[in-house]
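Okay, structure first, notes after.
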Amino acid sequence: MTLLILHIVMMLVSNSNTPDFIQEYHKALTKEKEQEFIAKYEKSNEIDIKAYVVSFKMKQAKYERMPWNKMKVFTTYKNQLEELISKHPGNMNLRYVRLVIQENVPSILNYSSDIENDKAYLSKMMKRKDDTDYLDPYIKKNTSL
């Protein structure tokens, strides 16, 4: 019983430090919610937020009817994500988003080359106490780590 209470308290405390956009991102389970998220946050200049906006833009390829449109949408936003990561290689949110995407996209898209690198980086960062600790439970839940 004590462990259950401790677990609940820890979840409440960690959830209170989680930015709203992270919580909203993980609750957006439909195309409409994804598009609402994009509309709400796409003008943000904050790199952490851009990571999630770009990932939902990549996911919009799923809703395209024509295969070449799917590929065009996916590739356009994949390139944006890669550009953000090249400019901000130490950003945990960018690396987390890329890992989730690479672990979940169909292999035909050939987008899996950074899985091991991102896993190693995120694993190392999760061992540190820092201002991104709120992300650790999401990483554990949504990736193979």
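The values are calculated or read from the model by the stated rules, or taken from the named source; none is laboratory data. Quick caveat: nothing in here was measured; it's all calculated off a predicted structure. Ideal geometry is used to build each Cβ from the backbone, glycine not excepted, and the neighbour counts take in all protein chains shown.
When every residue of the stretch 39-59 is checked against the conditions, at least one turns out to be in contact with a Pro (Cβ under 9 Å, 6 or more places away or on another chain), hydrophobic (A, V, I, L, M, F, W, C), modelled with pLDDT of 95 or more and in a helix (DSSP H, G or I). State all residues of the stretch 124-141 that are touching a helix residue (DSSP H, G or I) at 6+ places or on another chain (Cβ under 9 Å), in a helix (DSSP H, G or I) and under 13 Å from Arg95 (Cα atoms); if no residue qualifies, say none. Met125, Met126, Leu135, Asp136, Tyr138, Ile139 - these are the residues of the stretch 124-141 that are touching a helix residue (DSSP H, G or I) at 6+ places or on another chain (Cβ under 9 Å), in a helix (DSSP H, G or I) and under 13 Å from Arg95 (Cα atoms).
Okay, residues lined up against (1) of a type in the set (Lys, Arg); (2) more than 12 Å from the chain's Cα centre (by Cα); (3) under 22 Å from Glu24 (Cβ atoms):
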residue: Gln80; (1), (2), (3): no, yes, yes
residue: His88; (1), (2), (3): no, yes, yes
residue: Arg95; (1), (2), (3): yes, no, yes
residue: Pro106; (1), (2), (3): no, yes, no
residue: Ile115; (1), (2), (3): no, yes, no
residue: Lys119; (1), (2), (3): yes, yes, no
residue: Ser123; (1), (2), (3): no, yes, no
residue: Met126; (1), (2), (3): no, yes, no
residue: Asp130; (1), (2), (3): no, yes, no
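Across the stretch 107-119, a minimum of one residue is classified as of a type in the set (A, V, I, L, M) and closer than 25 Å to Asp133 by Cβ. Determine, yes or no, whether Glu116 is surrounded by fewer than 12 Cβ atoms within 10 Å (Cβ to Cβ) and part of a helix (DSSP H, G or I). Considered against the rule, which asks whether it is surrounded by fewer than 12 Cβ atoms within 10 Å (Cβ to Cβ) and part of a helix (DSSP H, G or I), Glu116 comes out as yes.
Hey, can you tell me all the residues within the stretch 106-145 that are hydrophobic (A, V, I, L, M, F, W, C), modelled with pLDDT under 95 and farther than 27 Å from Asn17 by Cβ? Passing the criteria: Ile108, Leu109. How many residues are among the hydrophobic types (A, V, I, L, M, F, W, C), outside any helix (DSSP H, G or I) and at pLDDT below 95 if we restrict to the stretch 1-28? So the count comes out to 1. Inclusion of Lys78 among residues that are buried (at least 16 other Cβ atoms within 10 Å of the Cβ), modelled with pLDDT of 95 or more and farther than 16 Å from Tyr52 by Cβ is not warranted. Restricting attention to the stretch 48-70, the residues being within 22 Å of Leu84 (Cβ to Cβ) and surrounded by 14 or more Cβ atoms within 10 Å (Cβ to Cβ) number 15.
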